[in-house]
Each structure stands twice: as structure tokens, then as C-alpha cells.
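Peer 1: Take this structure, written in C-alpha cells, and hold onto it; I'll ask about it next.
The values are calculated or read from the model by the stated rules, or taken from the named source; none is laboratory data. This structure is a prediction, so every number in the text was calculated from the model and none was measured. For neighbour counting, all protein chains shown are included, and Cβ atoms are generated from backbone atoms with ideal geometry for every residue, glycine included. These accessible areas exclude ligands, DNA and RNA; they are computed on the full protein's heavy atoms, side chains included. Shrake-Rupley method; radii C 1.70, N 1.55, O 1.52, S 1.80 Å.
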Amino acid sequence: MSNMKAELLLHERHVLAEDAFVEMVVWRVPRSIPGSAHQLKYRLALVVSGRCLLRYDNEAGKGDHRHLGAAEAAYEFKGYEKLLSDFWADVEAWRRKK
């Protein structure tokens, strides 16, 4: 058994507009979350008018996935930096459509 505790790597909130913000939380965990092959636990969300429009997360048992509106799809995790880059690219796509 490992005595390592979860380590908070990122916890940020960015206000994008009066009614929109991004919240990002990433932890390094002692063991991978069931369904994921890495040792990060994360949730990255774009919330607009109180509704989550975009979320990347890795729920136990579901593994890495992305929610876009009501749709949910698997997400291929390729590392911490790529996760953040992919999320921000989706946020920017939303901002362009807005």
C-alpha cells in the first residue's frame, strides 16, 4: 500500500463573461482512477448561465470522457498538457460561436 496522498496540481477559476466561467481542478492520485490508465483525477468545466456546457472528467468506472452539452464521448488522454490544451481549444470554439 502506498502512503502517498493526493496532490493538488491545479485549481483555477477563470471568469470569461458576466454569465460564464471555467473551473479546472486536477489532482495527482496514488493509484489510477478505475477506467483511466494514468494517475490524474480531473474535472475541467465551462459553465454558462448556471449550466455546464462543456466538461472533461474521469469519473471512477467511466474513465476519461468529455461532455459537450447533453452528449458524452470517450476522451483519449495523452497527458496533462494535452488535456488542458484540448479543453481550452473547446472553450475557444464556444467563444467564437457565441
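For (1) open to solvent by less than 70 Å² (accessible area, probe 1.4 Å); (2) assigned to a strand (DSSP E or B); (3) at pLDDT 95 or above, each residue gets a yes or a no:
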site: 2; (1), (2), (3): yes, no, no
site: 15; (1), (2), (3): no, yes, yes
site: 25; (1), (2), (3): yes, yes, yes
site: 61; (1), (2), (3): yes, no, no
site: 73; (1), (2), (3): yes, yes, yes
site: 87; (1), (2), (3): yes, no, yes
site: 91; (1), (2), (3): yes, no, yes
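Peer 1: Let me ask something additional. Just to verify a result, which residue in the range 27-38, among those that are of a type outside the set (Lys, Arg) and touching a strand residue (DSSP E or B) at 6+ places or on another chain (Cβ under 6 Å), is most open to solvent (accessible area, probe 1.4 Å)?
Peer 2: By that ranking, first place goes to 27.
Peer 1: Against the definition (hydrophobic (A, V, I, L, M, F, W, C) and open to solvent by 30 Å² or more (accessible area, probe 1.4 Å)), how does residue 45 come out, yes or no?
Peer 2: Considered against the rule, which asks whether it is hydrophobic (A, V, I, L, M, F, W, C) and open to solvent by 30 Å² or more (accessible area, probe 1.4 Å), residue 45 comes out as no.
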